[in-house]
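Have a look at the structure below before the remarks.
The values are calculated or read from the model by the stated rules, or taken from the named source; none is laboratory data. Because the structure is predicted, anything quoted here is derived from the model rather than measured. Counting neighbours? That spans all protein chains shown, and the Cβs are built from the backbone with ideal geometry, glycine included.
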Amino acid sequence: MNYGFYLFACLGITIFQTAVILEFFPSHQCYDLFIPYILYLGVMRPFYEVLPFVIASGLIVDGLSAGPLGLYATSYLWIFVLTRLASGVFVVAHWLCLPLAISAGVLLENLIILGSCVLLDRQFHVPKMSIGIVLEQIGWAAATGVFIFIGIRMAHRLWYEWFEKAPGENDEDESYPGKAFR
């Protein structure tokens, strides 16, 4: 049933990001809300269990954006892999490290998008206001990304208790979503 949660979360974030957020904020102010989700999958879940959903999330966002196909899938894959590597050194799921990790994910995604713009058009020049936009996105990510990460973790825990947990079972199970994957 974990796969059901991943699918539900992916579609929920897609609808929230494309329909709800754009009613309140201009599109350039809001960072990509999939980044806390990708970090959650990278820190809290087994690698091979979530890898298809990381790629599928990227392809869904690629389909909704006007960018080249594979741009978001590539950036999500890099964020996921780097999160896995960083979680071997740092406690990324700690509430003090999460704002830094989510901000780094936003910065990495913006750098990948910038790199693809440069590769597609050698005459591309970075607009001066884009630095301010990226810094604003990083600030929003540091301020709100922790709450999104914790919300996803709580939703996954509730999903587990509603659909997977047998009566009388304790929370020491390896697949329990409240624990970081080792």
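Of the residues Gly63, Gly115, which is under 17 Å from Phe34 (Cβ atoms), small (Gly, Ala, Ser), over 12 Å from the mean Cα position of the chain (by Cα) and not in a loop (DSSP other than H, G, I, E, B)? Step through it out loud before you land on a result.
Values: Gly115 fails: under 17 Å from Phe34 (Cβ atoms).
Just a single option satisfies the conditions, and that option is Gly63.
Candidates are the residues of the stretch 42-71 that are surrounded by 22 or more Cβ atoms within 10 Å (Cβ to Cβ) and free of Cβ contacts under 8 Å to residues at least 40 places away in the same chain; the one that is farthest from Tyr3 (Cα to Cα) is Gly58. Residues in the stretch 41-81 that are among the charged types (D, E, K, R) and farther than 15 Å from Ile13 by Cβ: Arg45, Glu49. Scanning the stretch 91-117 for residues that are closer than 17 Å to Phe149 by Cα and of a type outside the set (A, V, I, L, M) yields a total of 6.
What number of residues within the stretch 27-51 satisfy the criterion of being more than 18 Å from Leu85 (Cα to Cα) and either basic (Lys, Arg) or not in a loop (DSSP other than H, G, I, E, B) (or both)?
Qualifying residue count, the stretch 27-51: 1.
Take the residues in the stretch 87-112 that are touching a helix residue (DSSP H, G or I) at 6+ places or on another chain (Cβ under 7 Å) and over 15 Å from Ala143 (Cα atoms), then tell me which one is surrounded by the fewest Cβ atoms within 10 Å (Cβ to Cβ). Walk me through it before giving the result.
Step one: of the stretch 87-112, the residues touching a helix residue (DSSP H, G or I) at 6+ places or on another chain (Cβ under 7 Å) are 87, 92-93, 95, 98-99, 101-103, 105-110, 112.
Restricting the remaining residues to those that are over 15 Å from Ala143 (Cα atoms) gives 87, 92-93, 108-110, 112.
Numbers: Ser87: 20, Val92: 23, Ala93: 21, Leu108: 15, Glu109: 25, Asn110: 19, Ile112: 17.
Only one residue tops the list, namely Leu108.
Matching residues to (1) under 24 Å from Gly12 (Cα atoms); (2) modelled with pLDDT under 90:
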| position | (1), (2) |
| --- | --- |
| Phe90 | no, yes |
| Ala93 | yes, yes |
| Ser116 | no, yes |
| Leu119 | no, yes |
| His125 | no, yes |
| Thr144 | yes, no |
| Glu169 | no, yes |
| Arg182 | no, yes |
